[in-house]
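The values are calculated or read from the model by the stated rules, or taken from the named source; none is laboratory data. Fair warning: this is a prediction, and the values are worked out from it, not measured in the lab. Please note: Cβ atoms are built from the backbone with ideal geometry, for glycine as well, and neighbour counts cover all protein chains shown. Note: areas computed on protein heavy atoms with side chains; ligands, DNA, RNA excluded. Shrake-Rupley method; radii C 1.70, N 1.55, O 1.52, S 1.80 Å.
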Amino acid sequence: MLFPTRAEAQPGPTTSSLSDWSALRQGLFSNLLNPKTGAFFVTVMPQFLMTGDSSLRLVVMVAAFEVMLLVWLTAYGHGVSRLGRTGSGLRVRRAMTRLSGAVLIGLGARLAFERR
């Protein structure tokens, strides 16, 4: 065959297995080196602290935030992983791409026609 068909030209997605410890280490470094995390704590946390609060209160607040973040990201990652393994994952991805594109176009149009 001189020209490959569309199915032959695009190889399927490759999956690489990541050990649990490797995934944890990668996520931890990603979170610790993310400047948005630091910006969040510098801008949001002072609203919940008062002068004279014990440092234990700050530690409990940060720990509660980290637990909520860990639960949310674990559930999100699990859901996305399971959806990616199903046949509907591609349809959902296409629908989300179209929806987000329409939202961005709509926001751009609103900004373009906004009067000052």
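Being among the hydroxyl-bearing types (Ser, Thr, Tyr), open to solvent by less than 80 Å² (accessible area, probe 1.4 Å) and over 30 Å from Asp20 (Cβ atoms) is the filter here, so list the residues in the stretch 71-116 that pass it.
Scanning the stretch 71-116 gives a single hit, Ser100.
What about Ser81, is it at pLDDT 85 or above and among the polar types (S, T, N, Q)?
No: the conditions fail for Ser81.
Is it true that some residue in the stretch 19-38 is at pLDDT 85 or above, over 17 Å from the mean Cα position of the chain (by Cα) and open to solvent by less than 70 Å² (accessible area, probe 1.4 Å)?
Checking the stretch 19-38: at least one residue is at pLDDT 85 or above, over 17 Å from the mean Cα position of the chain (by Cα) and open to solvent by less than 70 Å² (accessible area, probe 1.4 Å).
Can you pull out every residue in the stretch 39-48 that is open to solvent by 60 Å² or more (accessible area, probe 1.4 Å) and more than 19 Å from Leu28 (Cα to Cα)?
Across the stretch 39-48, the qualifying residues are Val42, Thr43, Pro46, Gln47, Phe48.
Of the conditions (1) of a type in the set (A, V, I, L, M); (2) modelled with pLDDT under 85; (3) open to solvent by less than 100 Å² (accessible area, probe 1.4 Å), Met61 clears all except one; give me its number.
Status for Met61: all satisfied but (2).
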